[in-house]
Amino acid sequence: MPSEPEESNFKDKVRIPAYPTYEVGGVVWAYLGPLDKKPAPPLFAWTQVPPEQRAMSKVWQQCNWLQALEGGIDTAHTAFLHSGRPPLLRAADRAAGRPERDLSLSPTVEVVPTDYGFCYGGIREIADTSTRDVRAYHWIMPFHSFLAYGENGGNGGHMWVPMDDENTMGYNRSALFKDPPEEASLGAPRWQGGQQEAEAPRVTDGPDAALWLRDARLPVGNGNEFGVDVDVTRNFRSTRNADNRYLIDRELQRTQTYSGIPGTNTQDRAIQESMGGIADRTLERLGTTDRAIIHARRALLKAVRTVQDGGEPPGVAPTYYKVRGYQATLPTNVNWFEAMRAKLYDRGARVEIAP
Ligand SMILES: [Fe+2]
C-alpha cells in the first residue's frame with residue numbers, strides 16, 4: 001500500500017479475495033460457489049489427451065446463456081444451417097463428390113437421462129438402406145455439450161459461461177481420442193480455430209456442379225479462428241456480428257448455402273443472437289426434434305429447486321469424467337445407446353442411467 005507509512009501494519013490486515021482455480025486442458029477453471037461445496041476438479045476425458053490432440057478457442061456471444069446452450073444441444077439444425085442448400089434448390093442437385101448417403105432432414109431425437117445430465121441420439125434414416133446415422137451427444141449439466149465427428153475419435157463441443165443476462169462467453173473445444181492408443185486414428189483433430197477443409201467433399205469445377213455444392217470448396221472454417229473470426233483485442237468479439245449483420249452474402253445465400261455466412265459457429269451465433277438478447281419464449285413453438293431441449297429445461301428447473309433446498313445438483317459428481325461423443329452408422333433395428341455405449345464412455349466409466 002504505497003500511501004501507508006513504511007511501519008504501518010495495514011498490509012498485514014488486508015487480503016485480496018480470489019476464487020479457487022484449476023488449470024487443465026488449456027483452460028483456467030474458476031469455482032465461484034461456497035467452498036464447502038467445491039466439486040472435484042473438472043477432469044473431463046478431453047482434458048487428458050496430449051495437448052497436440054486438442055484445441056480450444058473462445059468467443060463472445062451476444063445473447064442469453066440459455067439461448068446459446070439450447071442452440072448447442074439442438075442437432076436438427078445441422079443439416080440446414082451448416083450443410084444445407086438454399087431452400088428452393090432441389091435435392092436432385094446432389095452431385096458427384098457429395099457423400100453417398102442420403103440422410104433424412106428430420107431426425108428422431110431420443111434422450112437417455114443420466115446422473116450428469118443426458119446422452120441423446122439424433123437419429124437420421126438413410127434412404128434406400130436398412131441403416132441409420134446416429135449422432136450421440138452428451139449434455140453435462142449445466143453448461144457442457146459433447147459431440148463427435150464420425151467414428152475416428154474426433155470430438156468437439158462447447159462450454160457456455162454467462163457474462164450477464166444478454167452476453168455469454170462460448171468456449172469451443174476439440175479433441176482427438178486414440179483408443180487404444182496403438183490403434184491411432186488417421187484423422188486429424190478438427191481444430192476449432194483455423195480454416196478446416198478436411199471434411200469438405202471434393203467437388204469438380206464445371207457448369208454441371210450444383211451451385212450449392214461449390215460452397216464445400218470454400219475455406220469455411222468453424223468461425224472461431226483468433227485474429228480472423230475472433231477479435232482477441234476486443235474481449236473475443238466475433239468479427240462477424242449483429243452490428244455488421246454477420247457480413248451476410250445474399251448472393252451466396254441465394255445460390256449456394258443456406259445462411260450466406262461462412263463458418264459453422266458463426267452461423268450458430270447469427271441464429272442464436274438474432275433471436276434477441278433474451279428471446280421471447282412466449283412466441284416459440286416446440287417441435288418433435290426439440291425433445292432434448294425440453295428435457296434440458298425441465299432438468300435445469302429441477303436442479304435450481306434442488307440447490308435451493310440445499311441439495312446437490314446433477315453434474316457435480318465426477319461421473320462425467322469419461323464421457324465422449326460418438327457418431328456411427330447402425331442397423332435400423334439395434335438400440336443405438338447400447339450399441340454405442342462402449343464408445344460413449346471411456347473405459348472404467350461408472351454412469352448411472354436415470355430411471
Ligand atoms: Fe450448430
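What follows draws every value from the coordinates through simple rules; no lab data is involved. Quick caveat: nothing in here was measured; it's all calculated off a predicted structure. Don't worry about glycine lacking a Cβ; one is built from the backbone with ideal geometry, like all the others, and counts go over all protein chains shown.
Figure the gain on full extension for PHE337 and ILE294 (residue separation times 0.36 nm, minus the Cα-Cα span) and round it to one decimal in nm.
On the way: separation 43, 0.36 × 43 = 15.48 nm, distance 1.99 nm.
Contour length minus the Cα-Cα distance gives 13.5 nm.
Residue-wise, which Karplus ³J(HN,Hα) couplings in Hz belong to the range 113-124, taking 6.51 cos²θ - 1.76 cosθ + 1.60, θ = phi - 60°, and x for glycine or proline?
x, 10, 7, 10, x, 7, 10, 9, x, x, 9, 10
Arranged by the count of other C-beta atoms within 10 angstrom, fewest first, what order do ASP36, ASP231, ASP164 take? Let's see the in-between values first.
Details: ASP36 5, ASP231 16, ASP164 9.
Exposure proxy ranking, most exposed first: ASP36, ASP164, ASP231.
Around GLN61, what is the net charge, scoring Lys/Arg as +1 and Asp/Glu as -1 over all other residues with Cβ under 13 Å from its Cβ? Walk me through the numbers before you get to the answer.
Working: positive: LYS58, ARG237, ARG240, ARG269; negative: GLU70, ASP164, ASP165, GLU166, ASP229, ASP268, GLU273.
For residues surrounding GLN61, the net value is -3.
Can you sort LEU247, LEU32 so the residue with the fewest Cβ neighbours within 10 Å comes first? All intermediate terms of the calculation are to be shown ahead of the outcome.
Numbers: LEU247 12, LEU32 6.
Placing the least packed residue first, the sequence is LEU32, LEU247.
Determine, from the Cβ-Cβ distance of HIS77 and ASP309 and an R0 of 41 Å, the FRET efficiency 1/(1 + (r/R0)^6), rounded to the nearest 0.05.
FRET efficiency, HIS77 to ASP309: 0.70.
Want the number for THR131 to ILE278: 0.36 nm per residue separation, take away the alpha-carbon distance, what's left?
On the way: separation 147, 0.36 × 147 = 52.92 nm, distance 3.98 nm.
Full-extension gain reported as 48.9 nm.
Can you check what the net charge comes to around HIS295, using other residues whose Cβ is under 13 Å from the Cβ of HIS295 (Lys, Arg +1; Asp, Glu -1)?
0
With a ≥ b ≥ c the root eigenvalues of the C-alpha gyration tensor of the range 281-355, is it rounded (a/c under 1.5), prolate (a/b larger than b/c) or oblate? Present the calculation step by step, with values, prior to reporting the outcome.
Working: a/c = 2.92, a/b = 1.22, b/c = 2.40.
Since a/c reaches 1.5 but b/c is at least a/b, the shape of the range 281-355 is classed as oblate.
Among ILE294, ILE16, which comes first, then next, by fewest other beta-carbon atoms within 10 Å? Could the numbers behind the result be given before it?
Details: ILE294 13, ILE16 4.
Listing ILE294, ILE16 from fewest to most nearby Cβ atoms yields ILE16, ILE294.
For VAL27, what charge total do you get from the other residues with a beta carbon under 15 Å from its beta carbon, if Lys and Arg give +1 and Asp and Glu give -1? Provide the component values of the computation, followed by the final result.
On the way: positive: ARG54, LYS58, ARG173; negative: GLU23.
Charge balance in the 15 Å sphere: +2.
Quick one: if you stick a label point 7 Å off each Cα along the C-beta vector at ARG250 and ASP165, how many nm between them?
3.4
Can you list residues whose amide H is under 5 Å from GLY154's amide H, if they're 5+ apart or on another chain and H is modeled 1.01 Å from N?
TYR149, PHE177
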